[in-house]
Amino acid sequence: MAVDEGSERSDQETRTTTAEIVPLRLPPLADAEPDGPHDPRTGDVDEWGRSERVREWVRKAYDPMYRKWFRAEWEGLDKIPTEGGALLVSNHAGAIPSDAPTIMHGVETELQRPVYGLADHFFKGTPVVGTLWARTGGVVAHPDNAYRLLREQQQLVLVFPEGSKGPGKTYNERYRLRRFGRGGFVEIAMRAGVPIVPIAVVGAEESMPILFKLPSVAKAIGAPYFPITANMAFGPLGAAVHFPAKFKLRVLDPVTFPDVEPDQPRYSRSRIMDESEAIRQQIQEALFDMLRQRRSVWFG
């Protein structure tokens, strides 16, 4: 019996010693709160598809073209707000428009503010190009998208009221602004309570001038237009490379609507059309003035 009691005491001591040596690890509680909110994104892509990492790469790649090829020169850049939402409005030209990347690059590098560019849904649906366009700040041109960017997120938004009619102009129609649609950009600015900043651009018309267009081809591929450009005389590579025209960009005085309350269900249609036409006229007059002062297409 003594032997049995000793064996029992020895077993108990062994079990106690083992329990003391091996730490007890309990599973985490199922309802434990995480350290922070869960972010489903796996990268730096925002809700619009824009990636700052891609934008940084594009800025580095495009900067030599901006500074050495187009030699972009700004006037009145300080009129673009450094904070808060604002709608940038500009003339538009070139078979493959060079004004949009020039404006976006200039504002982002000089003012360190991202710019979201509104464009036709055609670009969004184009394979590869659509993805790259979104990653660099392209957004489908829709009033709801513009409102959220301007009002809720206080961003800079670039829009071309001429639409596809702008870059679709032939060379003999250069620097003659098309009608600014129904003035939707004015209503968006009123609703969002932000200023409109007009920008006149000289140089884009000559960077890739359209000699004529092929409507039947454009219809077949579902494009707004299919251009035959002067650049194509230099072969397949020339079809995608712009001429080194000197770019000059003039920022005009911001247009504000202090007497108009934002977020109203309706706005005066006549007021919208009047403001739209006035802004179009301001840009047109600025273009004529800049062309009178220009000595050379290539040297400014």
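The values are calculated or read from the model by the stated rules, or taken from the named source; none is laboratory data. Here the structure is a predicted model, which is why all the values come from computation and not from measurement. Cβ: placed from backbone, ideal geometry, glycine included. Neighbour counts: every protein chain shown. Calculation scope for accessible area: heavy atoms of the full protein, side chains included, ligands and nucleic acids excluded. Shrake-Rupley method; radii C 1.70, N 1.55, O 1.52, S 1.80 Å.
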Item checked: Residues of the stretch 167-300: accessible area per residue with a 1.4 Å probe, Å² -> 52
Checklist line | Accessible area, probe 1.4 Å, largest first, for residues 65, 190 | finding: 65, 190
Notebook entry, point to check: Tell me, what HN-Hα J-couplings in whole Hz come from the Karplus equation 6.51 cos²θ - 1.76 cosθ + 1.60 at θ = phi - 60° for each residue of the stretch 149-154, using x for Gly and Pro?
Noted result: 5, 7, 7, 7, 10, 6
Check: Out of every Cα-Cα pair in the stretch 111-266, what percent are more than 26 Å apart?
Finding: 35
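Give the carbon-plus-sulfur fraction of the accessible surface of the stretch 57-173 in %, rounded to a whole number; probe 1.4 Å, heavy atoms of protein chains only.
Values: 2990 of 5290 Å².
Of the solvent-accessible surface of the stretch 57-173, carbon and sulfur hold 56 percent.
Per Stokes-Einstein, at 4 °C and 1.567 mPa s, what whole-number D in µm² s⁻¹ belongs to the stretch 94-189, with the Kirkwood radius over Cα pairs as the hydrodynamic radius?
Translational diffusion coefficient: 90 µm²/s.
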Check: Quick one: which of 268-281, 90-103 comes out on top by average Cβ neighbours within 10 Å, and what's the full order, highest first?
Finding: 90-103, 268-281
Item checked: Three principal axis lengths of the stretch 171-244 [C-alpha, angstrom, descending] -> 48, 32, 22
Next item on the list: For the stretch 71-112, evaluate the Debye formula with one uniform point scatterer on each Cα (no solvent term) and list log10 I(q)/I(0) at q = 0.19, 0.28, 0.32, 0.33 Å⁻¹, rounded to two decimals.
Entry: -0.63, -1.22, -1.39, -1.41
Next item on the list: Would you list the P(r) distribution for the stretch 226-300, with all Cα-Cα distances sorted into 10 Å bins from 0 and each bin expressed as a whole %?
Entry: 14, 26, 25, 19, 13, 2
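For the stretch 53-126, what Kirkwood radius comes out of the mean inverse Cα-Cα distance, in Å? Mind showing how you got there, number by number?
Details: mean 1/r = 0.0733 Å⁻¹.
The answer is 13.6 Å.
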Note to self: Over 20 Å between Cα atoms: which of 213/248; 169/219; 79/246; 60/165 fall into that group?
What the structure shows: 213/248; 79/246; 60/165
